[in-house]
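Structure first, then comments.
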Amino acid sequence: MAQSANSQITNRRRRKSRPLLRRSSIFRTIFFVIVDLVGYVFVSAFLYYLSTGRWLDFSLHSYRSALASPLSEVLLHPLSIFEYPWMILVTGLLIAAVIFVPVMVALLYRQSIAALFILTVAVIAHAPLLAAFLAIGCILAGQTGLRRDLPLVALLAGLAPVAVYFYFFTGGDETLLLPLQRLSVSLILILTLITAMLAGAVVSFLARLMRFRPGIIWPVILVLLSVPVWVFSEKVGVDELDYALLTARVGPGEAFFAPSDFDELRQAGVKDISYPTRITSLPASTRPASQPASSPASQQAVAASKAALTMLAYARVDLEQQRTTLTARCQRFIERHPDSARAAAVMWIMATAKDIRVDKQAISVGIIRYRYAGPSAESQGAWSNLIERYPRDPQTFVAHQRLGIQALREGRSLQRSREHLRVAQTRLTTHVEQQDPNPPAGPVGVFIRRNSLPSKEYYRKVLAETDDIIWLMEINEVRDDNSKNTDAFRDYMKRWPFVGTKSSELRELAKGYKDTNLSDNFLLIAALAEKNEYDRAKQLSEPAGEINDAAIVANYELGRLALRMEGTPAWSKMNLKPAGHYFRIVKSAQDNPYRISAEQYLAWIEGRKQTTTMPKRGIEKP
């Protein structure tokens, strides 16, 4: 009797844990399982596409990266929900489909069938950790006695491990988010779980409506897939995803490519490299008699020279490889999205990349670094193409400036270069004036707008450079009828923006053009190239006493140095003045592009702040 009662209890438990769907034709079951699986594969592939730009990737590297990037990372990268609010709906529905379908399959069918969907999460969606938690959820949902009587409660049990996954593996560096943004991510994940539960309720309703026959999941999968696809294509755009992926590999400023240090070179397997030193090898004719050719210092210098040459060769190859890759990605973007609002920014990236060079000075200290060297013949076609294709975009204003500078470097028509520079000056002035003069120091609110490259500060910098160049041309009488000044200014602009230019070279040029108006400008840049601030101030004090354009700049730069150093004993020992003295000279001088900034500095010094921050206008130290 007891054995019979136990048998009845066991049978009752087995009935409760049986699949929710009733037995049907094997062909019908297989057909709808395949339909569900195909739809689920598309969901997983689309979610992976939104995070990488690739639909499928079976490389080992992709799975290693997936282990370090939880599925919820797609909320922040590459299309952040705080920059593209529509991505909340897109990613929310897709993640809801990813977590809901396997658990629902485990309830409706056998758990072995749910394993196919879990495998899809791990392989197609590249979310192996989530797949592990979903596997636990499928076991809980499939084994519970509530499977037939209360399927929604069984679904909740199956989604519980997913909630644990979201709690501990929300993804993203939360230190980069505002408190309200961190809360928003948590709320979105909670809403995703709620959406998955609602989807389960719809499937349960359809199951009863269809009398528990197969073919009730695919309509819900279709909705959870088609809605995100439509919203993404209409409200966000494929071009925005491609742009976000492209710019994610572009560094700040104009030297886009990431620098490599000396240790990374050695770890990369580059041979015949030893740490460079600052000792330079001496020619045999100038080597002191006390230093034989085989002395340790000489051997060390030869080894250092060999190491530097090897690093330089590697840097050039590495730079060219990075440039080729980035250029190909930019060209592919332009071909795919010629009418995109981001196209001009991508062309700006492509043109700027052509003029990035190896920083040879950094090689001597064992660092590979790249710098922007100004426009060249290689980039001239790209800048012209940018102006022709996107004449109304602000990146075109930069292109006009670059073409004007290149014309000066090549010694071509001064009239043509002036036209480009005047167009750049006029349009950049209007563009900068339309910007917020006092932007907030950090992001305000939850949602922020992704602006196209370059940054707002970059346009101000280019405008300041353009003002300087036009001013120098006018005040130094750079005209077609003055060949000496024109030749001097051509050599001056060939070295612009003077990053990596040696002081000795600039002083030699000053001697060579001593009979021109540009001699003092070469000496000024040589003084600004001094790394030690006290030495720089001492050298700037010499041209500061003159009456010319170089004196104006020298006084301005001395004022900026004095803001930090005027209270030090060394500053007083060199008989240098307070910052206000130098800024007043700039203010009272003839019309110059530094006057407004000098007035702002004076107002700041005197306590009559007209801006929220100190002005930043000035020549960047080489």
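The values are calculated or read from the model by the stated rules, or taken from the named source; none is laboratory data. All of these numbers come straight from a predicted model, not from anything done at the bench. Ideal geometry is used to build each Cβ from the backbone, glycine not excepted, and the neighbour counts take in all protein chains shown. Keep in mind that these areas ignore ligands, DNA and RNA; they rest on the heavy atoms of the full protein, side chains included. Shrake-Rupley method; radii C 1.70, N 1.55, O 1.52, S 1.80 Å.
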Any hit, segment 566-578, residues being surrounded by fewer than 21 Cβ atoms within 10 Å (Cβ to Cβ), of a type in the set (A, V, I, L, M), in a helix (DSSP H, G or I) and free of Cβ contacts under 8 Å to residues at least 60 places away in the same chain: yes
Within segment 359-379, tally of residues that are touching an Asp or Glu at 6+ places or on another chain (Cβ under 9 Å), part of a helix (DSSP H, G or I) and open to solvent by 10 Å² or more (accessible area, probe 1.4 Å): 2
Qualifying position, being farther than 22 Å from residue 376 by Cα, aromatic (Phe, Trp, Tyr) and open to solvent by less than 70 Å² (accessible area, probe 1.4 Å), among 513, 492: 513
Residue check, residue 418 within 30 Å of residue 522 (Cα to Cα), open to solvent by 70 Å² or more (accessible area, probe 1.4 Å) and modelled with pLDDT under 90: no
Filter result for residue 399 (outside any loop (DSSP other than H, G, I, E, B) and touching a Ser or Thr at 6+ places or on another chain (Cβ under 7 Å)): no
Pairs where the first residue, in segment 524-542, is hydroxyl-bearing (Ser, Thr, Tyr) and the second is open to solvent by 10 Å² or more (accessible area, probe 1.4 Å), C-beta under 6 Å, 6+ apart: 534/570
Looking only at segment 149-171, and only at residues there that are part of a loop (DSSP other than H, G, I, E, B) and not hydroxyl-bearing (Ser, Thr, Tyr), the one that is least open to solvent (accessible area, probe 1.4 Å): 171
Unmet criterion (only one of (1) assigned to a helix (DSSP H, G or I); (2) aliphatic (A, V, I, L, M); (3) open to solvent by 20 Å² or more (accessible area, probe 1.4 Å)) for residue 386: (3)
Flag if residue 460 is outside any helix (DSSP H, G or I), closer than 21 Å to residue 250 by Cα and either open to solvent by 50 Å² or more (accessible area, probe 1.4 Å) or at pLDDT below 85 (or both): no
Qualifying residue in segment 29-39 (condition: surrounded by 14 or more Cβ atoms within 10 Å (Cβ to Cβ), within 20 Å of the chain's Cα centre (by Cα) and part of a helix (DSSP H, G or I)): no
Residue 352 assigned to a helix (DSSP H, G or I), β-branched (Val, Ile, Thr), within 22 Å of residue 409 (Cα to Cα) and out of contact with any Pro (no Cβ under 6 Å at 6 or more places or on another chain): yes
Among (1) open to solvent by less than 50 Å² (accessible area, probe 1.4 Å); (2) modelled with pLDDT under 80 - the single one residue 18 does not satisfy: (1)
Number of positions in segment 103-112 that are more than 17 Å from residue 199 (Cβ to Cβ) and crowded, with 18+ Cβ neighbours inside 10 Å: 1
Options 334, 356, 349; residue that is closer than 25 Å to residue 393 by Cα, out of contact with any Asp or Glu (no Cβ under 6 Å at 6 or more places or on another chain) and free of Cβ contacts under 8 Å to residues at least 24 places away in the same chain: 334
Residue pairs meeting the criteria (Cβ under 7 Å; at least 6 apart or on separate chains; first free of Cβ contacts under 8 Å to residues at least 60 places away in the same chain, in segment 76-93; second open to solvent by 20 Å² or more (accessible area, probe 1.4 Å) and in a helix (DSSP H, G or I)): none
Residues of segment 51-81 satisfying the condition of being touching a helix residue (DSSP H, G or I) at 6+ places or on another chain (Cβ under 6 Å), part of a loop (DSSP other than H, G, I, E, B) and open to solvent by less than 50 Å² (accessible area, probe 1.4 Å): 53, 78, 79, 81
Selection from segment 113-133 of residues that are free of Cβ contacts under 8 Å to residues at least 60 places away in the same chain and either open to solvent by 20 Å² or more (accessible area, probe 1.4 Å) or farther than 22 Å from residue 55 by Cα (or both): 114, 115, 118, 119, 122, 132, 133
Of all residues making up segment 516-533, the number that are modelled with pLDDT under 90 and either open to solvent by less than 40 Å² (accessible area, probe 1.4 Å) or in a helix (DSSP H, G or I) (or both): 1
Selected residue (only one of 436, 480, 487 is at pLDDT 90 or above and among the acidic types (Asp, Glu)): 487
Search result, residues across segment 389-410 that are in contact with a Lys or Arg (Cβ under 9 Å, 6 or more places away or on another chain) and either open to solvent by 50 Å² or more (accessible area, probe 1.4 Å) or within 23 Å of residue 452 (Cα to Cα) (or both): 394, 396, 397, 400, 403, 410
